[in-house]
2 protein chains.
Amino acid sequence: MPRTPSRIMTVAAAQMGPIARDESRQAVVARLIDMLRQAKDRGADLVVYPELCLTTFFPRWMMEDQDEVDSWFERTMPNPAVNPLFEAARESEVGFCLGYAELAQEDGGTRRFNTAILVDKAGRVALKYRKVHLPGHAEPQEGRKFQHLEKRYFEPGNLGFPVRRVMDANMGLCICNDRRWPETYRVMGLQDVEMVLCGYNTPTDHVQDPAINRLSDFHNHLSMQAGAYQNATWVVGVAKGGVEEGSEMITHSAIFAPSGEIVAQAATMEDEVVTFACDLEMGRKYKETIFNFAAHREPDAYRLIVERKGAEPPAA
Amino acid sequence: MPRTPSRIMTVAAAQMGPIARDESRQAVVARLIDMLRQAKDRGADLVVYPELCLTTFFPRWMMEDQDEVDSWFERTMPNPAVNPLFEAARESEVGFCLGYAELAQEDGGTRRFNTAILVDKAGRVALKYRKVHLPGHAEPQEGRKFQHLEKRYFEPGNLGFPVRRVMDANMGLCICNDRRWPETYRVMGLQDVEMVLCGYNTPTDHVQDPAINRLSDFHNHLSMQAGAYQNATWVVGVAKGGVEEGSEMITHSAIFAPSGEIVAQAATMEDEVVTFACDLEMGRKYKETIFNFAAHREPDAYRLIVERKGAEPPAA
């Protein structure tokens, strides 16, 4: 039986192996362009790169010197180091999603965000997102081999979880730790999102507990599978992983169907391109039945989700 | 290495095979008591029975006669048919969770809910919950082998998702379709829930699409695994399943750890008791790190979850 009519977006998850501390942005961009060409050769419409993919994962180190911290940030996007990627993508007529550390002058001050942009096939920034759920801590913790200082170097994103019509699809972005929070997907699901792009850097020692850390890969997939299924959306999860400056980070980049199934998965801990022809209509049947939100959701019963931040136990 | 200090609640998932249409409540209660005794022999503190576990799953049939509909409901709880279960549990000092159709006189009218109660070891109803997410439809649909008329026979629950301290644990309840909705677990997670009990009746043809139905068991587990992990709570999922009056229903009752792992699972499509010694402290490490809600949640970014019921696509 031939397939029913569909809208196909062929997407490439462009996983990255480690980026060395002293690797230049120019060298990294050359790696990104190489993967873009592989993706194009496999028919990709869109290439998804990881979170903070222009440099090593610098929040693992405590830095007192603000100039040193700021050296990991981009003041403009694009900029001379990244222009070759924009040019290659425009020439190839391939869109891309890129994660980077953003230093912005905004509201009369200097602001720092963990940011991702979606660039369309014409090379225009069509969607920007700033990471809402910053993991880790603001002060260095003793006894850790590596710190996780995202709460020190960034502030929480101030753009919400926007969904935009880009390349004829309802597209949304999230970043790394966002993927563990069902609210992330739901806010986008309520905007009828059809594909969520999520880059990540996840050290296997981000919690100081081996009983949790041993499940890092399982939790990574579980979160994205559930987000995909419960919102009937494609999810593209892309790692920067492997052993980076001595820190072991998960890989297992994958593409998740609106059924929650993993339909493609990276096989290495290195730069690797995995592609899948995603039918953007696939989620429709779920959105019209089990996950017909208008028919089945009961927002009055959900008020605690916005009225309470932390957990509070019931009376004894 | 010995285990760290812990609070153990040994829980029994008491899965049920089919209940025939003409099976009396007395006969069903005898089955429940038999499983309670098996559970007690294995050291259980708590037995969890399925949704609507006193009768066959009647919402599969269109009934015009309200008296016939109401014959499937309980007007009081306990009542003479169910008293032997309450007595056996009290004698055994075992708590239990029971799902039933509740007919209540409330606010000056007759109300009908899909209800679950948690009864403590002294035989007191310590927690009541009425199903919030009613699946299916209110009018019979042509071309279906079986209807799914929960929206006709019940109204949505009006008690929210309460969490109560019962048997020295923070306990919450949900029912069947509730388990697919991340809001269910999150509202309880915000009340520091430690164990969620969820009975279900899930026909494999509840959606008229074989591409979705073939994944019924996967979606069942995926939803509960994610709910457990993302709220660091135990989840106990208990089926009434097998082929009931010609309708095929999923089984695979399971107990889910706060890690999201399946730690026990039924092996049959019949009455079957599965037990696990649940350490109620297990979720604590997650609640203090990755899922420290007070440190990491950003409720301002979640407002759409309560402000919007149905999905609305972005502007083109």
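Every read-out reported here was derived from the displayed coordinates using simple, explicitly stated rules and does not represent laboratory data. The model shown is predicted, which means the values in this text are computed figures rather than measured ones. Because the Cβ atoms are built from the backbone with ideal geometry, glycine has one as well, and the counts that use them run over all protein chains shown.
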Which ³J(HN,Hα) values, rounded to whole Hz and listed in residue order, are derived for the range B:103-119 from phi using the Karplus coefficients 6.51, -1.76 and 1.60 in 6.51 cos²θ - 1.76 cosθ + 1.60 with θ = phi - 60°, glycine and proline given as x? 9, 10, 9, 8, 6, x, x, 8, 10, 10, 10, 9, 10, 9, 10, 10, 10
Using a label point 7 angstrom from Cα along Cα-to-C-beta, what distances in nm, from shortest up, separate A:Gly43 from the other copies? 5.6
Run the label-point distances for B:Glu64 please: 7 Å along Cα to Cβ, every other copy, nanometres, shortest first. 8.6
Theoretical FRET efficiency, 1/(1+(r/R0)^6), r = Cβ-Cβ of A:Asn79 and A:Ala316, R0 51 Å, to 0.05: 0.35
Please identify the trypsin sites (Lys or Arg not before Pro) of the range B:152-240 that satisfy two criteria: DSSP loop assignment and at most 15 other Cβ atoms within 10 Å. Which are they? B:Arg214
Starting from the Cα of A:Asp209, step 7 Å along the direction of its Cβ; do the same at A:Ala294; then give the gap between the two resulting points in nm. 4.3
Cα gyration tensor category, rounded, prolate or oblate, for the range B:199-311 with a/c compared to 1.5: oblate
Rounded if a/c is under 1.5, else prolate if a/b beats b/c, else oblate: with a ≥ b ≥ c from the C-alpha gyration tensor eigenvalues square-rooted, which is the protein assembly as shown? prolate
Please list, in order along the range A:87-94, the HN-Hα scalar couplings obtained from phi with the Karplus expression 6.51 cos²θ - 1.76 cosθ + 1.60 (θ = phi - 60°), rounded to whole Hz, x for Gly and Pro. 5, 4, 5, 5, 4, 7, 6, 10
Just add up the charged neighbours of B:Arg90: K/R +1, D/E -1, any other residue whose Cβ is under 13 Å from the Cβ of B:Arg90. -1
Give me the lysines in straight-line cross-link reach of A:Lys287: C-alpha distance below 20 Å, same-chain residues under 8 apart excluded. B:Lys151, B:Lys309
For B:Pro84, place a label point 7 Å out from Cα along the Cα→Cβ vector, do the same in each other copy, and report the separations in nm, one decimal, smallest first. 8.1
For the range B:8-307, report the convex hull volume of the alpha-carbon atoms normalised per residue, in Å³, without decimals. 138
